[in-house]
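Let me begin by presenting the structure, written as structure tokens, before commenting on it.
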């Protein structure tokens, strides 16, 4: 692959985002292609955490609520509003994606603005479906429909639209699907739902930070998403909830937690919800986690999601072509959409020995970290802020070497809990 290596070096030299790699903690003996699962640690996050722990907590103690922490949620949320082109006071952070999804789906059902019909599809992340299923079990007036496509790679948009048209309701979809990286046409689906008295709740976990999202232009009304993947917020970092301001007025948080009170430190026995998006806050926020996540958002804003997505598409196309040319002859299969416009920022491949190949990638230096998703997927995550073109070519070279020389035979079929 001499020509491919030469091209990769040239592209890395010309890359307008190349200096952002220095902002992260990197291991020279490792190629990290799992940012679609957990992003890297920004160096400034370490400084921010040390300051919050040693000075704000260690030295200032309770005084730091007034001095540093009370406005932290609003400050970080406002940065996400900039990132996603949302209006002020339409985004908040604090819970996990699962909790926020449960809150907003329940709030939409209770609003009586839509048919009590929850809809999703077989491409959605399992946790989202668990939540929808549980809501329908608790509330017997709620129907649940999971659309089954003939593929676990791409959505059948005609089938999805027909279901929305014939049985309107509240639809939850992952904008970028976790297995294959299929990406829905966001505005098209939003507009279709609006035409048919329905609403889309988008899970942006595999899109935020790497897709140039524009909530205003796409007519997005509701979204949730995590911040520990391409936004590099850290393990378990708080998720975000977005509610468009016109919809927000008619929705009520089903959880009456004290941070959702209009004046939480009044300690009133009667709950009076805050106005705006703050009414969807619940308990005391995890301050250290919020401190940790801010740096990743700052870096993403500085780089610009238009530039990040552009590099992602270029790297994704390079990887796709390498897969077709060099990996398919060795028994690999491309498990992501062929057209770049239909893909997010990871590419999935499969092989009869997918699991053991993943293990073999981590055996020799540089260690190559991908992830495995049952029943057959090797996911290769492209995080443009720190992944180089040369990393992609070297990964394909290693994959060829592993299969050609059957190095996967040195590993058992026993799987680890986190794969």
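Nothing in this text is a laboratory measurement; each read-out follows from the coordinates by a stated rule. Predicted, not measured: the structure shown is a model, and the values here were computed from it. Note that we place each Cβ from the backbone using ideal geometry, even for glycine, and neighbour counts take in every protein chain shown.
Between residue 188 and residue 265, what is the spin-label point distance in nm, taking each point 7 Å from the Cα along the Cα→C-beta axis? Using points 7 Å along Cα→Cβ, the separation is 5.1 nm.
Once Rh is set to the Kirkwood radius over Cα pairs, what Stokes-Einstein translational diffusion coefficient, in µm²/s, holds for the stretch 46-303 at a temperature of 4 °C and a viscosity of 1.567 mPa s?
Rounded, D is 68 µm²/s.
Summarising the strand pairing of the stretch 46-303, around 40 percent of its internal DSSP beta bridges are antiparallel.
Seen from a random direction on average, the alpha-carbon convex hull of the stretch 1-129 projects onto 14.0 square nanometres. On full extension, the segment bounded by residue 256 and residue 27 gains 78.0 nm, given 0.36 nm per residue less the C-alpha separation. Restricting the calculation to Cα atoms, every distinct pair contributes to the Kirkwood radius of the stretch 296-419, found to be 15.2 Å.
Here the simple spin-label model places points 7 Å from the Cα toward Cβ, and for residue 245 and residue 364 these points are separated by 5.8 nm. Peptides 163-172, 384-393, 124-133 ranked from most to least packed give 384-393, 163-172, 124-133, packing being the mean of other C-beta atoms within 10 angstrom over each peptide's residues.
Its convex hull of Cα atoms gives the stretch 84-218 a direction-averaged projected area, equal to a quarter of the hull surface, of 8.1 nm². When peptides 69-76, 21-28, 275-282, 407-414 are sorted by average Cβ neighbour count within 10 Å, with the highest value leading, the order is 275-282, 69-76, 21-28, 407-414.
Roughly speaking, what % of Cα-Cα pairs in the stretch 301-343 are separated by over 13 Å, rounded to a whole number? Display every interim value, and only then the final one.
Numbers: 523 of 903 pairs.
The share of Cα pairs beyond 13 Å in the stretch 301-343 comes to 58 percent.
Note on the stretch 69-115: Cα Rg divided by 2.2 N^0.38 Å, N the number of residues, gives 1.36. Remark: spin-label model distance residue 412-residue 306 equals 5.3 nm, labels positioned 7 Å along the Cα→Cβ axis. Under the criterion of Cα pairs below 8 Å and six or more residues apart, the relative contact order for the stretch 162-221 equals 41 percent. In the chain, the calculated helix contribution to ellipticity at 222 nm averages -11000 deg cm²/dmol per residue, counting -39,500 (n - 2.57) for every DSSP H run with n ≥ 4. Working from the Cα coordinates of the stretch 226-273, the gyration tensor eigenvalues give, after taking √(5λ), semi-axes of 27, 17, 8 Å in decreasing order. With contacts taken as Cα pairs under 8 Å at a separation of at least 6 residues, the stretch 291-411 carries a relative contact order of 27 percent. If I take R0 = 45 Å and measure r between the Cβ atoms of residue 338 and residue 60 in this structure, what FRET efficiency does the formula 1/(1 + (r/R0)^6) give, to the nearest 0.05? Result of the calculation: an efficiency of 0.25. Taking all Cα pairs closer than 8 Å and separated by 6 or more residues, the relative contact order of the stretch 46-303 comes to 24 percent.
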